[in-house]
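The values are calculated or read from the model by the stated rules, or taken from the named source; none is laboratory data. Computed from a predicted structure; not experimentally measured. When we count neighbours, we look across all protein chains shown, and the Cβ atoms used for this are built from the backbone with ideal geometry, even at glycine. All accessible areas refer to the heavy atoms of the entire protein, side chains included, with ligands and DNA or RNA removed. Shrake-Rupley method; radii C 1.70, N 1.55, O 1.52, S 1.80 Å.
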Amino acid sequence: MDDEQQRSMATTVVQREMMATTTTTTAAAAAGIAESYAGRSIFITGATGFMGKIMVEKLLRDCGELRCIYLLIRAKKGVDPAQRKEEYVKNIVFDHVRERYSERLGKIRLIRGDILSPGLGLSDDDRRELTENVELVFHCAANVRFDQHIRQAVDINLNGTIRVLGLAEQMRRLVSFVHVSTAYCQCNEAVLEEKHYPAPQNPEGISKMVGLLDDDLLDIITPRLLNNLPNTYAYTKALTEDMVYQYRGKLPIAIARPSIVTAAMKEPLPGWGEGTNGPTGLLIGAGRGVIRSMHCNGEYLADFMPVDVTMNAIIAIGTERMANARKEDVMYYNLTSSADNPISWGEVLEMGRGILNQNPFCFALWYPDGSIKSNYLYHLLCVVLFHYLPAYLIDFLMVLLRRKPFLVKVQKRISAGLTILQYYTTKEWVFRCDNTKSLYQRLSPDDRKRFYFDVNEINYKTYLYDFILGARQYILKEAPETLPKARKLLRKLYIMDKIVQIGLYLCGLWLAWTYLEVVTGSIQFVFDTAIESLRGTTVRQGL
């Protein structure tokens, strides 16, 4: 076979692949979400995380005809992939799928790898399988710790994404690459549009620089790099978005920007959540009586998205990107709630306080009775009086009782967390969500019901009720049957709190009375002395 025939055959193969891609993307545009995923192979990073588990569960629950879900999971010493998979699907979020669609669990295929390793640490066989089969990529893996050192934040958020993009370039059948970013990637912008924003510095240059410099130098230049951005998370997310944008024309890219992602609203379990980051940590700290003050402007709008609402939207974005054959287009979607279903921080905290008092935690150090402060200096004073002084007192008593002190350390962690969170509770942003709303409007009535992501459906009172009960049950492991016992404890803590308050008031009155007596006596003494002195002068002048 001569060279011209080989070129002709190669051209024919390419044309067929292009025709097949065009056909499938056109079909995706016309079909519903579940039908668009039928027969597809999907690659997900961050699948063991909070958001990743919900995505995998939803795909198995409502897109049961998909072909395969590849999950990038780090290897564990002495644990083979089959055992790791068994551990993964035992999670409570998969209960519904295990009971009703257990055969679909066989569609999960674990791929050993690491977002931190060159080439994602993939074996040759796994890389070949992914590049030949995968049609959609959902890149959810990220370091969401706001206080992370810039080296770790860059290596996971930026370099990890570069590694995933490198793999995606080799995927011959790829029709959708969805990168999960954050609505707070451009905190210096008062209004966040659904569009590209240039990174503050060159992403590849920052990646190389962080790899070359030691920690001491990085610590010196980090504040200059952040340029008023609140933390390394927001900074590296801004870099990463720009890095993904540079692959336009090479990959079919969509970027999803959710705001603060919180516990599930409906599926797989109302109120289900993991970890104590963000609002969940604030809720638990306040419910246990260790957070008594928070710097917050109660009139500003809160913006948070239930995790199931968020992942439904991202799954729908995958089909929308699939239907657009133009690789040079980068599609942006802000997944936020404040523009269409607004609620203020003050309303959230007041509503949550009422629900928490009816459904308290089993363990609390003191009666939960904190409040928000718009004045920072007043907040700091309350932190000293109501966070640190009681903590030092209790730790002193623990030392006297020959027990290990713990509360000062807890309060320092809480204060660090509140310092990070208060940036978001003392500022307000406007998020434009036209693309997201337009996508929802194009869904069929059945898809709107199954893949709900209309934020107007969030009933905050119901949601916060489920959120608090979910935190009790799924994070603190306090069964619903423990509520009567917790309510008795709350009543006792309330009585103790009132006794202490009355004691402090009486002490204050006594001190004021004592001080008043001293002041009155001093004034009387000065007055009497002056009178005596005046009389003595008069007598001398008379003589």
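Hey, what did segment 243-388 get for relative contact order, percent, Cα under 8 Å, at least 6 apart? The normalised contact order for segment 243-388 reaches 40 percent. Thr131 sits among other residues whose Cβ lies under 10 Å from its own Cβ, and their net charge, with Lys and Arg +1 and Asp and Glu -1, is 0. Membrane-span-like helices in the chain, defined purely by DSSP H runs whose alpha carbon atoms cover 15 Å or more axially and whose average Kyte-Doolittle hydropathy reaches 0.5, are 215-226, 307-323, 389-400.
In the chain, the calculated helix contribution to ellipticity at 222 nm averages -17000 deg cm²/dmol per residue, counting -39,500 (n - 2.57) for every DSSP H run with n ≥ 4. The stretch between Glu99 and Ala416 holds 109.9 nm of extra length on full extension. This uses 0.36 nm per residue minus the Cα-Cα distance. Considering all different alpha carbon pairs of segment 193-295, the Kirkwood hydrodynamic radius works out to 17.2 Å. The orientation-averaged projection of the convex hull spanning the C-alpha atoms of segment 164-236 amounts to 6.4 square nanometres.
The value of relative contact order for the chain, using C-alpha pairs under 8 Å at least six residues apart, is 16 percent. Each peptide among 362-374, 139-151, 46-58, 211-223 gets the average number of other Cβ atoms lying within 10 Å of its residues, and from highest to lowest they stand as 46-58, 139-151, 362-374, 211-223.
Normalised per residue, the accessible area of segment 37-189 is 40 Å², obtained with a 1.4 Å probe and no contribution from ligands, DNA or RNA. Carbon-plus-sulfur fraction of the accessible area of the chain, 1.4 Å probe, in percent? Within the chain, the accessible surface is 57 percent carbon and sulfur.
Give the Rg/Rh ratio for the chain, taking Rg as the radius of gyration of the Cα atoms and Rh as the Kirkwood radius, to two decimals. Taking Rg over the Kirkwood Rh, I get 1.12.
Ranked by the mean number of other Cβ atoms within 10 Å of their residues, highest first, the peptides 405-415, 501-511, 237-247 come out as 237-247, 405-415, 501-511. With r defined as the distance between the Cβ atoms of Arg224 and Lys409 and R0 fixed at 25 Å, what FRET efficiency is calculated, to the nearest 0.05? Computed FRET efficiency for Arg224 and Lys409: 0.20. Which residue, Ile111, Ile206, Ala313, has the largest displacement toward the positive end of the dipole of the chain when charges sit on each Cβ (Lys, Arg +1; Asp, Glu -1)? Of the listed residues, the answer is Ile111. Note on Glu428 and Arg248: the extension gain reaches 61.7 nm, defined as 0.36 nm multiplied by sequence separation minus the Cα-Cα distance. Remark on segment 341-419: Rg and Dmax equal 15.2, 52 Å (Cα only). Taking the Cα atoms of segment 43-117, the ratio Rg/Rh between the radius of gyration and the Kirkwood radius comes to 0.94. For segment 243-345, the mean projected area of the C-alpha convex hull, equal to one quarter of the hull surface, is 8.8 nm².
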